[in-house]
1. Can you name the residue in the range 213-237 that is in contact (Cβ under 8 Å) with a residue 60 or more places away in the chain and out of contact with any strand residue (DSSP E or B) (no Cβ under 8 Å at 6 or more places or on another chain) and is also surrounded by the fewest Cβ atoms within 10 Å (Cβ to Cβ) among such residues?
2. For the range 170-190, give me the residue count where each residue is within 16 Å of Val133 (Cα to Cα), in a loop (DSSP other than H, G, I, E, B) and touching a residue at least 24 places away in the same chain (Cβ under 8 Å).
3. Grab the helices (runs of 4 or more DSSP H) fully contained in the range 66-165, keeping just those with 3 or more residues being open to solvent by 80 Å² or more (accessible area, probe 1.4 Å) and either free of Cβ contacts under 8 Å to residues at least 24 places away in the same chain or not basic (Lys, Arg) (or both).
4. Would you mind stating whether Glu182 is open to solvent by 50 Å² or more (accessible area, probe 1.4 Å), at pLDDT below 95 and under 16 Å from the mean Cα position of the chain (by Cα)?
5. Pick from Pro189, Pro203: which is closer than 21 Å to Arg240 by Cα and surrounded by fewer than 12 Cβ atoms within 10 Å (Cβ to Cβ)?
6. For the range 202-227, what are the residues that are closer than 24 Å to Gly152 by Cα, of a type outside the set (Ser, Thr, Tyr) and touching a helix residue (DSSP H, G or I) at 6+ places or on another chain (Cβ under 7 Å)?
7. Residues that are farther than 22 Å from Gly147 by Cβ and of a type outside the set (Gly, Ala, Ser): does the range 203-212 have at least one?
8. Any chance the range 238-255 includes a residue that's under 26 Å from Glu115 (Cβ atoms), assigned to a strand (DSSP E or B), open to solvent by less than 10 Å² (accessible area, probe 1.4 Å) and modelled with pLDDT under 70?
Amino acid sequence: MALRGLTSRVQLFGRITTLGSYRYSSNLSSQEIFDRESKYGAHNYAPLPVALCKGEGVYVWDVEGRRYIDFLSGYSAVNQGHCHPRIIKVMREQLERLTLTSRAFYNDALGEFVEYATSLFGYDKLLPMNTGVEAAETAVKLARRWGYDVKGIPRYQAKVLFAEGNFHGRSLMAVSASTDPESYSGYGPFIPNILTIPYDDLPALEKACSDPHVAGYIVEPIQGENGVVVPTDGYLKGVREICSRNNVSGPLNSLILVQIHVLCMYCMQLQLSFKKMVTIIQLLLKGGTYTVGALNLCHPQK
C-alpha cells in the first residue's frame, strides 16, 4: 500500500517490523515510477513509457498532468470509457452492501445477471468465472468431456484444435496452444493433444477435423494479438459446416468454441448462427472494473 511519506510498522508473529518509508505515487515523476516498478516488480511485461494516474471517458492523464486519448482501452475492457459513472455507482452500491459470496451460497445478484445475459445473447445458460483465460480453459475441458461422453472418443485421447496466431491468456493451457515463441518458450512440456492449424484456412481445418479424435475447434472471429486479422468472407460459415460434417460436435450441432474479445452485436451475427455453439466472452463483461469471463451455453437438444 502506498503511504504518504510515512514509516509503516506492523506486528508480525509477535515482532514489530518496519516496512519502510514510501512515497505516494502521485508525488513521483514518471521516471521514478518506471524505476521503482522495474526494481520491485517481476519483469513479465514491457509497458509503454507512460505513468498513468487518472482516467475519465476516453482520456487518461499521467503523473505530470499530460492528457492522452486512450486508444488501447485495456484491450477493449474499458471500451465504455474510464470510470464510467453508472458502472462505478452500481459497483460501489454492491460492494457496500455485500462484497463477496462463494458459490457455496445463493445470492440475490447472480441469478439476475445470468438471466439478463442469456436473454441478451440468446443462449440457455451462462457460466461466469473469474477471468477470460479461465473461460478458455473451461472451454477446453468442455470440449474434451463432450468428446468422451457424446462423441465416444477413447478416454483421454481427445484433441482440441486452435487457430495459429491465437491469444487466450498466459496459463499453461494457453501457451500450449500458442504459436508465439515469446509466449511458450521455456514453459514446456506442454499440455498434450492441443493442436494448431492455420487461421482462415478451411482446407487445413477439413483435414484436421477428419481425425475422429478431434473434439473441438477454438477460434477467434477476429484475431487481435498480432494485429487485427479479419478472416475472408465465408470463413466462419465454412468452419461451422466442416465441424458439423466431421462430427466435431454431435448434438450441439457444432462445438465450435468461438472466443469473442470484442463483444458487440456485430460479432453475434458473423456469417453464422452462434446459437448451438459455445462462446467464450472476455473483457467487456467487467466494465473495466474487475476481472470476469464467461461461457455461453445451450441445451444439447436445441
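1. Asn226
2. The total comes to 2.
3. Details: elements: 85-97, 110-121, 132-146.
Ranges flagged: 85-97, 110-121.
4. no
5. On the way: Pro189 fails: closer than 21 Å to Arg240 by Cα.
Only one candidate passes the filter, namely Pro203.
6. Answer for the range 202-227, where residues must be closer than 24 Å to Gly152 by Cα, of a type outside the set (Ser, Thr, Tyr) and touching a helix residue (DSSP H, G or I) at 6+ places or on another chain (Cβ under 7 Å): Leu205, Glu206, Cys209, Val214, Ala215, Gly216, Ile218, Val219.
7. For the range 203-212, residues farther than 22 Å from Gly147 by Cβ and of a type outside the set (Gly, Ala, Ser): present.
8. no
The values are calculated or read from the model by the stated rules, or taken from the named source; none is laboratory data. Quantities reported herein were computed from a predicted structural model and do not represent experimental measurements. We place every Cβ from the backbone using ideal geometry, glycine too, and count neighbours over all the protein chains shown. Areas reflect the complete protein model, heavy atoms only, side chains present, ligands, DNA and RNA absent. Shrake-Rupley method; radii C 1.70, N 1.55, O 1.52, S 1.80 Å.
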